[in-house]
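Read through the structure below, which is laid out as structure tokens, and then see the notes.
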Amino acid sequence: MSLPSFINLLSTIHTICPMIYNIVMAGQFPTEFLHGQPVATYTHQFDGEIFGFHALQEVVFAKQRFPIALKGQGNDALYLGQHVTLKGDSRGYIPGRLNPHGSATIVGFAEPFSQGESDHIVKVVESDNGTRDDAVSIKPSNIQEVISPLDIKDDIRIGDMQVGGTRIDLLFTPLKDSKNTHILALHHTRGEEDTVIKIGDNVDVQERGDQRYDGYVTGISVDTDAAGYPDVLVHVSHLDGKYVSVQLVDYHRVTPIPVSNKN
């Protein structure tokens, strides 16, 4: 199975610690793109409740359908890209040998007891273990609390922007009482290139030399440079347990890895 078209990315990759990552997780759109256009979402209802949650909220973006949130009663919800603290069970145990007092980023959801899944329906990447771990599926009850962002609106939108000769569509939700946004996915088109990257994707990162590594997309943000031009940043969990932040222009490549190509 061939890999999707490459996304071109800019010259400087710098390692950022989890605390800095938490600050930039909620990217800010340039003002003209802040409102965007509403996007329809779909509710995939479970047969019953599990740990207080009863449905997945799904969206179709660039012809791909995927879950963006785990919904509970009232306003209770967990979203892709949220940073959370963890807790163990009565024995202090969390699947995947995660630190029961650590923190993690949510990178995926699953339907309980379907297609081989159990009640471990939240996929996370640990933030502060300092070693390489794949994403781990845990129970919702293994989440102690959400650290950031806390005030996500149930209002999914698409905004588009130009970075150089590249058109980028951004799937996002505004944050309550704030001009900031929480970005869930991007759709990058340039010429014949057409690629989608979303939080939770396992990606291959290629630097200008021969060095390559893979990791999970844990966030996407938008900022402006000193001249006022927009920068799109893709945040990836690095093989050494740290995070890297990659600017979206021309010198590095991030490629989604198809599930069938994973070991």
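The table below lists the values:
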read-out	value
The range 144-195 shape via C-alpha gyration tensor axes, a/c threshold 1.5	prolate
Label-to-label distance, nm, for residues given as Glu192 and Tyr42 (7 Å Cα→Cβ offset)	3.1
Difference of contour (0.36 nm per residue) and Cα-Cα distance, Ser90 to Gln144	18.1 nm
Gain in span if fully extended, Gln162 to Arg65, counting 0.36 nm per residue against the direct Cα distance	32.5 nm
Average projection area in nm² (convex hull over Cα atoms of the range 40-148, one quarter of hull surface)	7.7
Relative contact order computed over the range 40-148 (Cα-Cα under 8 Å; 6+ residues apart), in percent	22
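Throughout, read-outs are computed from the coordinates displayed, never taken from laboratory work. All of these numbers come straight from a predicted model, not from anything done at the bench. No Cβ is skipped: glycine too gets one built from the backbone with ideal geometry, and neighbour counts run over all protein chains shown.
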